[in-house]
Each structure stands twice: as C-alpha cells, then as structure tokens.
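The values are calculated or read from the model by the stated rules, or taken from the named source; none is laboratory data. Here the structure is a predicted model, which is why all the values come from computation and not from measurement. In this analysis, Cβ positions are derived from the backbone assuming ideal geometry, glycine residues included, and neighbour counts consider all displayed protein chains.
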Amino acid sequence: MEQPNLLNEHNKQEYPPMHTAEHILNATMVRTFGCPRSKNAHIERKKSKCDYELTTAPTEEQLQEVEAKMNEVIARHLPVSIEFMTREEAARSVDLSKLPEEVSKTLRIVKIGDYDACACIGTHVSNTAEIGTFRITTHSYADGILRLRFKLA
Ligand SMILES: [Zn+2]
C-alpha cells in the first residue's frame with residue numbers, strides 16, 4: 001500500500017483523549033452551527049482551545065447544548081477506528097477541504113462511531129469511554145471568530 005503522507009504538522013505529543021475530544025467538538029460545531037471545522041486549535045493535556053468561524057456570536061444556551069452534546073456522544077462509548085482509503089473514496093463521506101492538494105492518494109481516515117470521520121495522522125483513544133467529561137471553561141467571540149477553551153475531567 002502506498003505510504004500515507006503527513007496530513008498536517010501534527011504534534012505527536014498530543015494527549016489522545018483531548019485530541020479525540022477535538023474531533024468530536026469539530027463534528028458537533030459543524031452540526032450545530034454549520035461552520036467549518038476548527039482551523040486553529042491548540043491541544044494540551046490540561047486545557048485546550050479551538051477557534052471557529054461563526055457569522056454571529058453563539059448564545060449561552062447554544063454553548064450549553066454543545067457541551068451537553070459532547071458528553072452525550074462521549075457517553076455512547078463509540079469505537080474509534082482507522083481506515084485507509086483513496087482520496088476519491090474519502091471525499092464521499094469526509095470533508096477534505098482542509099487537506100493540501102499535494103497530499104498522497106491514500107488517506108488515513110479516523111472514524112468515531114458514526115458521528116465523525118476525519119483525515120488525521122494523530123493519536124486517538126480507542127473508545128470515547130476513555131475521554132471523560134468535557135467542559136467548556138471560557139469562550140469569547142470577536143470578528144467572526146469564536147474561541148472556545150475546554151478541558152476534560
Ligand atoms: Zn486526530
């Protein structure tokens with residue numbers, strides 16, 4: 001099989017539960033607001049942040065819904081699986097807009113149950129049961145960017 005390219009400059013030291021939560025958060029934000037996945041994320045063991053492009057500021061209720069949805073998905077104990085597929089196959093079910101054009105024909109797709117699928121070379125937990133409880137700690141909105149800070153407990 002063709003060797004998959006590095007899909008982005010992934011930090012190999014990323015804490016797998018937090019990084020997997022980032023995938024679920026991206027899917028939840030896309031589903032809730034119709035926004036793109038985060039283009040700017042900073043993932044650490046104790047706390048992380050993700051930025052999202054939103055046309056209007058979210059309400060407190062919407063952010064509470066995001067947090068509740070995160071914990072509902074985590075509590076489903078979804079398996080995290082890896083599949084290798086061609087770019088053409090992947091394009092049917094995965095948003096590849098963040099991938100550079102020159103990326104190889106074979107992609108590593110990370111699936112979180114039937115909730116999310118994303119091309120990624122990072123390290124993930126094998127089941128969402130390992131993530132713990134997700135909590136948004138602070139949020140701010142300015143100039144079309146929502147900045148969410150969150151942690152796991
Ligand atoms: Zn990943």
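The residue of the stretch 1-37 that is surrounded by the fewest Cβ atoms within 10 Å (Cβ to Cβ), among those that are over 16 Å from Arg108 (Cα atoms), at pLDDT 95 or above and polar (S, T, N, Q), is Thr32. Note on the stretch 125-136: among residues that are away from the ligand (no atom under 15 Å from the Cβ) and hydrophobic (A, V, I, L, M, F, W, C), the one that is surrounded by the fewest Cβ atoms within 10 Å (Cβ to Cβ) is Ala129.
In a helix (DSSP H, G or I), out of contact with any Gly (no Cβ under 7 Å at 6 or more places or on another chain) and surrounded by 13 or more Cβ atoms within 10 Å (Cβ to Cβ), is that true of Val66? Step through it out loud before you land on a result.
On the way: in a helix (DSSP H, G or I): yes; out of contact with any Gly (no Cβ under 7 Å at 6 or more places or on another chain): yes; surrounded by 13 or more Cβ atoms within 10 Å (Cβ to Cβ): yes.
It is true that Val66 is in a helix (DSSP H, G or I), out of contact with any Gly (no Cβ under 7 Å at 6 or more places or on another chain) and surrounded by 13 or more Cβ atoms within 10 Å (Cβ to Cβ).
Condition first: in contact with a Ser or Thr (Cβ under 8 Å, 6 or more places away or on another chain), more than 12 Å from the ligand (Cβ to nearest atom) and aliphatic (A, V, I, L, M). Now tell me which residues in the stretch 103-115 satisfy that. Matches in the stretch 103-115: Leu107 only.
Per-residue answers, yes or no, for (1) under 18 Å from Asn26 (Cβ atoms); (2) modelled with pLDDT of 90 or more; (3) in a loop (DSSP other than H, G, I, E, B); (4) more than 16 Å from the ligand (Cβ to nearest atom):
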site	(1), (2), (3), (4)
His77	no, yes, yes, yes
Glu101	no, no, yes, yes
Ala117	yes, yes, no, no
Thr123	yes, yes, yes, no
